[in-house]
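The values are calculated or read from the model by the stated rules, or taken from the named source; none is laboratory data. Not measured: the values here are computed from a predicted model. Cβ coordinates were reconstructed from backbone atoms using ideal geometry, including for glycine residues, and neighbour counts include every protein chain displayed. Note: accessible area is taken over every heavy atom of the protein model, side chains too, but ligands, DNA and RNA are not part of it. Shrake-Rupley method; radii C 1.70, N 1.55, O 1.52, S 1.80 Å.
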Amino acid sequence: SDLHDRKPKLGVFYDNSNMFYIQKQVGWKVDLAKFRKELNDYFDVKFINFYSAIPDKSDPAYHSTAGYLEKIKNTVTLKTKPLKYIEIAKDKYEKKGDMDVDLTLDAVYEAKNLDALVVVSGDSDLAALRDRVLRETGKGFVFLGFKRGMAWELKQGKYIEFDKVRDSLQLGGAE
């Protein structure tokens, strides 16, 4: 039957604020086009929401961020807001670009239209989102991230480490 062959509807929530630094630490980046293609083999990927804070135009990081977002905008749905600069000492700023709340609200809202949710993050705050979605909807829920950045709270449920699939997902890796 058609229904039986139907691929599960998947929504991906990609926390770039979290993944950006971890990818720098581990020394490789996830190729989002390869990632989407892999997921499409098994799922009907409804969207990959990519949550990212955008540096101010005066920030040296602005151009590389804008360039990267331009490259991926046809692969993912960009969900952006301005990066915040908090002065912690005279002329010393801490950059804050948390998108946890935005991601959580979207995931709770979208869960009813999906069969499964993948949250790409290692942030322990998001454990509450998993618990809520599982309790209220029973939909599939998986965290995906790097071994080094995966909070222990997230490992209490289903999770997958990018490290294990590096060969097929690395940006600029062997095709």
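For this structure, a couple of remarks:
- Approximate shape of segment 61-111 as ellipsoid semi-axes (Cα gyration tensor, √5λ), whole Å, largest first: 26, 19, 5
- Prolate/oblate/rounded label for segment 1-83 (Cα gyration tensor, a/c 1.5): prolate
- Annotation for LEU171 and ARG135: the two label points, set 7 Å from Cα along the Cα-Cβ direction, are 3.6 nm apart.
- Tilt relative to the chain, helix 62-72 - C-alpha long axis, 0 to 90 degrees, to 10: 20 degrees
- Inter-centroid distance (Cα atoms) of segment 61-129 relative to segment 137-175, Å: 17 Å
- Antiparallel DSSP beta bridges within the chain, percent to nearest 5: 20 percent
- Loop-located trypsin sites (Lys or Arg not before Pro) in segment 122-160, at most 15 other Cβ atoms within 10 Å (DSSP): LYS158
- The sum of -39500 (n - 2.57) across all DSSP H runs of n ≥ 4, divided by the residue count of the chain, sets its helix-only mean residue ellipticity at 222 nm to -10000 deg cm²/dmol.
- Going by accessible surface with a 1.4 Å probe and the largest first, TYR93, TYR85 read TYR93, TYR85.
- Segment 45-61 residues near the modelled LYS84 label - backbone nitrogen below 17 Å, point 7 Å along Cα→Cβ: 52-56
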